[in-house]
1. What pairs come out if I take residues in the stretch 42-54 that are under 13 Å from Gln219 (Cα atoms) and pair them with residues that are within 6 Å of ligand 1 (Cβ to nearest atom) whose C-beta lies under 8 Å away, six or more apart or interchain?
2. Just the residues that are buried (at least 17 other Cβ atoms within 10 Å of the Cβ) and more than 16 Å from ligand 2 (Cβ to nearest atom), please, taken from the stretch 49-63.
3. Take the residues in the stretch 139-176 that are open to solvent by 70 Å² or more (accessible area, probe 1.4 Å) and in a loop (DSSP other than H, G, I, E, B); name whichever of them is modelled with the lowest pLDDT.
4. Take Gly218 and decide whether it is crowded, with 22+ Cβ neighbours inside 10 Å, more than 16 Å from the chain's Cα centre (by Cα), of a type outside the set (Lys, Arg) and over 13 Å from Ala37 (Cβ atoms).
5. Tell me which of these Arg86 doesn't satisfy, since it passes every other one: (1) of a type outside the set (Val, Ile, Thr); (2) touching a residue at least 40 places away in the same chain (Cβ under 8 Å); (3) open to solvent by less than 40 Å² (accessible area, probe 1.4 Å); (4) away from ligand 1 (no atom under 16 Å from the Cβ).
6. Against the condition open to solvent by 60 Å² or more (accessible area, probe 1.4 Å), at pLDDT 90 or above, part of a helix (DSSP H, G or I) and under 27 Å from Ile31 (Cα atoms), how does Glu78 come out, does it pass?
7. Just name the residue that is farthest from ligand 2 (Cβ to nearest atom) out of those in the stretch 165-180 that are in contact with a helix residue (DSSP H, G or I) (Cβ under 6 Å, 6 or more places away or on another chain) and among the aliphatic types (A, V, I, L, M).
8. When you scan the stretch 3-48, how many residues do you find that are open to solvent by less than 30 Å² (accessible area, probe 1.4 Å) and part of a loop (DSSP other than H, G, I, E, B)?
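The values are calculated or read from the model by the stated rules, or taken from the named source; none is laboratory data. Just so we're clear, the structure is a prediction, and the values are computed from it rather than from any experiment. Because the Cβ atoms are built from the backbone with ideal geometry, glycine has one as well, and the counts that use them run over all protein chains shown. All accessible areas refer to the heavy atoms of the entire protein, side chains included, with ligands and DNA or RNA removed. Shrake-Rupley method; radii C 1.70, N 1.55, O 1.52, S 1.80 Å.
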Amino acid sequence: MHTILQTKNLCKYYGTGENQVKAVDNINISIEQGEFAAIVGKSGSGKSTLLHMLGGLDTPTAGSVLVRGKDISKMKEEELAIFRRRKIGFIFQAFNLVSSINVWENIVLPLGLDDQPVNEAYIKELVQTIGLEKRLHHLPNALSGGQQQRAAIARALAAKPDIVLADEPTGNLDSRTSEEVIALLKMSAHKYGQTIVMITHDEEIAQTADRIMVLEDGQVVNFE
Ligand SMILES: Nc1ncnc2c1ncn2[C@@H]1O[C@H](COP(=O)(O)OP(=O)(O)OP(=O)(O)O)[C@@H](O)[C@H]1O
Ligand SMILES: [Mg+2]
């Protein structure tokens, strides 16, 4: 087993003195390559803050995030940006699709930003699996919420990232679509050896993970 993601005494504090919020409070975790880890916990327990730091979208107050042993907080901004584009696929609850370009263009956008060629066969397979082949030339706002989320997932997977970080990716989907989306993510992860770290409020989805991390007040109270 290879550790792909690790945190060391990771902290994120907001504010000072009495108003200080310890959003992430001394978290030490290790996640293996190919693992599907679910993060659960009450609203405000620090899930999104942790996920953002794992992907280098937010900087820790103290401690570090190591990806394959490399401390990402020591990377320069440019290096970090390239790392995020090539190695990490983000899926957010709010889909963050670009509204002025069509679905296909949204999906291949990260590749273009990175001057990577578009592997059409792979993207088409992805689009087909996710059931969006008839919507590729539509603008995002002509799609249902579930379809937009599926497009966002295809975009996150387009560059075959090593790590997929998902913040409630099924939060806006009905249960049937949620199951399909999770199945797709797992299939992709299995096929390409990808690691998934996913925040979810859905107990059933959490139960399908390899491990469940429970957060409380910024701390990991259980991870097995
Ligand atoms: N930019 C910020 N400034 C101040 N406090 C913040 C900021 N971002 C988050 N917090 C606080 O940090 C804590 C953790 O927030 P976080 O968004 O990580 O929670 P969460 O577990 O993702 O919750 P939810 O399930 O509602 O999404 C909360 O108390 C929140 O108010
Ligand atoms: Mg959150």
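1. Between residues of the stretch 42-54 that are under 13 Å from Gln219 (Cα atoms) and residues that are within 6 Å of ligand 1 (Cβ to nearest atom), the close pairs are Gly46/Ala23; Lys47/Gly41; Thr49/Ala23.
2. Hits for the stretch 49-63 are Gly56, Pro60, Gly63.
3. The qualifying residue modelled with the lowest pLDDT is Asn172.
4. Considered against the rule, which asks whether it is crowded, with 22+ Cβ neighbours inside 10 Å, more than 16 Å from the chain's Cα centre (by Cα), of a type outside the set (Lys, Arg) and over 13 Å from Ala37 (Cβ atoms), Gly218 comes out as yes.
5. (3)
6. Spelling it out, Glu78 is indeed open to solvent by 60 Å² or more (accessible area, probe 1.4 Å), at pLDDT 90 or above, part of a helix (DSSP H, G or I) and under 27 Å from Ile31 (Cα atoms).
7. Here the residue is Leu173.
8. 4
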